[in-house]
Amino acid sequence: MIIDLHIHSKSSDGKLSVNEIIKIAKKRKINLISITDHDSIGCQGQAITLARKKGIPYISGVELNVSFSYPKFSKSKSISLDLLGYQFDLTNIELLKKLEKIAEYRKERISKILKKLNAEFKKEGLENFTKNDLIKIQKSADGALGRPHIANYLITKKIVSDKKEAFEKYLVKCDVPKYPISLIEASNLLRNASGKVILAHPNDPYGTSLTKYSRYLNEQTKIIEESMFPYIDGIECWHSRNTPKTTKHYTNFCKKHHLLMTGGSDCHQNPITMGTVMIPDFVVKQFLK
């Protein structure tokens, strides 16, 4: 059985449309999927309809970026983590209103990032980005607007050669904080919409994860036990950047504490990695009862 519960479409920062994702899922004989765009559920209705037509089991999904503080690290600033939400009510007013606020903030954030970019361009004798450039960047995003869209535009303008250079040279130093939503608030939003709350990729060495506090697995799960248990229903145990050691540690932890276990490729773009993470069959049974 092939399962992928972590896929991004063009509605956030992926390169594949919803239609393309569903077609590929059918071709690859994926047995359960979820599109989990960043802070956006605009594509969910279309995804459900298309998946049903292709005979593919589908569950609603979203990925929310949250701020989290671990009290025992009092000198540390709060860190960003990602929560995956599944099987929530797409018509929940509270959730929809919050996502609208986040979308508006994303536009403000992009404007602020462009101002910082212009300061860097001035140092290098490059032409400033204008309001017209901002409009073009906004139009390039079908849904949630973010730094990857600026990176793509920098490549188009031949200011950088690839996304890696865009982030290393400009977008890290020119960053602006994301919308301030706490772990508790995000958890309540999803649960009030009858959704399940999953901590995403907790040991991702290159992404948003608990590695900002510790790279030791035992210390990570101690943080979860002491500060996160009331707000999550499970953990993403299988991920494209997990090591076998990470997966084993987190599956054992979830079994011990009776938490849901999920997994996915975190596919954003070609070369397509959708459906390539080996996830056991019992994961389906947690959602399709």
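The charge dipole of the chain, taken about the Cα centre with unit charges on the Cβ atoms of Lys, Arg (+1) and Asp, Glu (-1), comes to about 400 debye, rounded to the nearest 20.
In this Cβ point-charge picture (+1 for Lys and Arg, -1 for Asp and Glu), the range 99-171 has a dipole of about 140 debye about its Cα centre.
For a quick check, take a GNM of the chain with Cα springs below 10 Å and name the residue from VAL172, VAL18, VAL160 with the largest mean-square fluctuation. Looking only at VAL172, VAL18, VAL160, the largest GNM fluctuation is found for VAL172.
The GNM of the chain, with springs linking C-alpha atoms under 10 angstrom apart, assigns the highest mean-square fluctuation among THR246, THR276, THR130 to THR130. Under a Gaussian network description of the chain, with springs only between Cα atoms under 10 Å, the residue in ALA186, ALA119, ALA166 that fluctuates furthest is ALA119. Once the Cα-Cα distance is subtracted from the 0.36 nm per residue extended length, the GLN46 to VAL172 segment shows a gain of 42.0 nm. Taking 0.36 nm per residue of separation and subtracting the Cα-Cα distance, full extension of the segment from LYS285 to ASP162 would add 40.2 nm. Listing CYS267, CYS254, CYS43 from fewest to most neighbouring C-beta atoms within 10 Å gives CYS254, CYS43, CYS267. Computed over the chain, the per-residue total of -39500 (n - 2.57) for DSSP H runs of n ≥ 4 gives a 222 nm mean residue ellipticity of -12500 deg cm²/dmol, rounded to 500. DSSP bridge analysis restricted to the chain gives an antiparallel fraction near 45%, rounded to the nearest 5. Extending 7 Å from the Cα toward the beta-carbon at both LEU90 and SER214 defines two label points whose distance is 4.1 nm. Put +1 on the Cβ of each Lys and Arg and -1 on the Cβ of each Asp and Glu in the range 99-171; which of ILE137, ILE113, TYR153 then has its Cα farthest toward the positive end of the dipole? With unit charges placed on the Cβ atoms, the residue in question is ILE113. The lysines whose alpha-carbon is closer than 16 Å to the alpha-carbon of LYS53, local same-chain residues fewer than 8 away aside, are LYS23, LYS26, LYS27, LYS29. Loop-located chymotrypsin sites (Phe, Trp or Tyr not before Pro) in the range 124-223 (DSSP state other than H, G, I, E, B) with a sparse environment of at most 10 neighbouring Cβ atoms within 10 Å: TYR206.
Between ASN19 and LYS222, full extension at 0.36 nm per residue minus the direct alpha carbon distance yields a gain of 69.0 nm. Across the chain, the relative contact order, built from alpha-carbon pairs under 8 Å that are at least six residues apart, equals 23 percent. Placing +1 on each Lys and Arg Cβ and -1 on each Asp and Glu Cβ, with no other charges, gives the range 135-289 a dipole about its Cα centre of roughly 280 debye.
The numbers here are math on the coordinates, done by the rules we state, and not lab data. Everything quoted here is computed from the prediction, not taken from an experiment. So basically every Cβ, Gly included, is an ideal-geometry build from the backbone, and we count neighbours across all protein chains shown.
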